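Take a look at the structure set out below.
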Amino acid sequence: MSKRHTSSTQVIPAVGTMPQHVAIIMDGNGRWAKKRFLPRVAGHQRGVETVREMVKACISRDIKYLTLFAFSSENWRRPVEEVSFLLGLFVRMLQSEIGKLDANGVRLKVVGDLSAFEPRLVALVREGEATTANNTALTLTICANYGGRWDVLQALNHMTLAHPEKAGSFGEADLAPHLAMAYAPEPDLFIRTGGEQRISNFLLWQLAYSEFYFTDTLWPDFDDTALEQAIVSYRYRERRFGRTSEQLVAVAKASDA
Ligand code: IPE
Ligand code: IPE
Ligand code: MG
């Protein structure tokens, strides 16, 4: 029988370990506002507080990568006023938060198709990334105009242009370096707030073996305690990556010996 090593998820973290990389779909801002008879955008505004709290919560737990879905490639379909509020909020955040992120040792990354954004926004993004490039406490990735399908396609295009001679024999390891988040390990824990149980074109390739956690809590209500609950749930799970439970126990015993 031939042995096939086709998956990039070869490393098995022991049960009970902390996630290294947490990826979150921040959902439920509109409903949070609606419940309070406020305009939807008030929910987005309030959601920023949760972002700040999550950055602190990850640093204090020594979680090295936090990835947040801020604006999907499909969110352009929303009313034009809401889209421009979200883009304006992004600009204001970049202007006001970079200094604080830098002071806290956070490296900022923004991934997605930035060609759709106005040059001023792109310049702020690039400036923020450059200022924080050498920080090591936490890598905060904001996915903006991001789509999982866009990511796989842009990686494919870059890969085939770089190595046209390999057409027909590309492997996973050829594609992975071209993905937008090639600098990060694959997410260990995926969280979606707001009650929906779907991926909504978030990280399609990278979530292949992530643990999923869905909560009804709306994003503006999500806090350190809520994150802790997700982490506790994660730590009880046995990540098998195709293997059997017995194999994992044997490997753990061997490494203890
Ligand atoms: C998520 O909250 C934020 C963005 C998509 C930008 P929503 O705006 O989707 O909130 P709900 O789902 O309508 O409550
Ligand atoms: C997903 O949320 C995108 C972000 C959180 C940025 P949506 O609220 O837009 O997702 P769908 O459209 O309900 O699936
Ligand atoms: Mg939503």
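A Förster radius of 51 Å combined with the Cβ-Cβ distance from E82 to V251 puts the calculated FRET efficiency at roughly 0.55.
Among L38, L153, a tally of other beta-carbon atoms within 10 Å of each Cβ gives an order, fewest to most, of L153, L38. Listed by chain and number, the lysines whose C-alpha is less than 30 Å from the C-alpha of K166, apart from same-chain residues fewer than 8 away, are K3. Shape analysis of the chain based on the Cα gyration tensor places the equivalent ellipsoid semi-axes at 31, 24, 18 Å, largest first.
Helix 40-61 axis versus longest C-alpha principal axis of the chain: approximately 40°, rounded to the nearest ten. Separation of region 135-198 from region 70-127 is 19 Å, based on Cα centroids. Extension gain for the segment Y183 to L114, taken as residue separation times 0.36 nm less the Cα-Cα distance, is 23.0 nm to one decimal. What is region 50-192 by shape, rounded, prolate or oblate, if you read a ≥ b ≥ c off the alpha carbon gyration tensor as root eigenvalues and call it rounded for a/c under 1.5, prolate for a/b larger than b/c, and oblate otherwise? Oblate is the answer for region 50-192, as a/c is 1.5 or above yet b/c matches or exceeds a/b. Between the helical axis of 224-235 and the longest alpha-carbon principal axis of the chain there is an angle of about 20 degrees. From the P(r) of region 115-245, could you give the percentage of C-alpha pairs in the tail past 18 Å? Summing the P(r) tail past 18 Å for region 115-245 gives 68 percent. Using the rule -39500 (n - 2.57) for each DSSP H run of four or more residues, divided by the residues of the chain, the 222 nm mean residue ellipticity is -13500 deg cm²/dmol. Taking a straight Cα-Cα cut-off under 27 Å and skipping sequence neighbours fewer than 8 places away in the same chain, the lysines within cross-link reach of K100 are K56, K64, K109. Residues of region 27-53 with an amide N closer than 18 Å to a point placed 7 Å from the Cα of E74 along the Cα-to-Cβ direction: 27-31. Helix 245-256 and the longest principal axis of the Cα set of the chain meet at an angle near 80°. Classified by the C-alpha gyration tensor, region 1-133 has a prolate form. Its axis ratio a/c, with a ≥ b ≥ c, is 1.5 or above, and a/b is larger than b/c. With R₀ fixed at 41 Å, the C-beta to C-beta distance from L38 to E238 puts the FRET efficiency at about 0.45. The HN-Hα couplings worked out from phi for region 150-155 by the Karplus form 6.51 cos²θ - 1.76 cosθ + 1.60 (θ = phi - 60°) are 4, 4, 4, 5, 5, 5 Hz, whole numbers, x standing for Gly and Pro.
Since every read-out is calculated from the coordinates, none of them should be taken as a lab result. In this text, all values refer to a predicted model and were calculated from it rather than measured experimentally. Please note: Cβ atoms are built from the backbone with ideal geometry, for glycine as well, and neighbour counts cover all protein chains shown.
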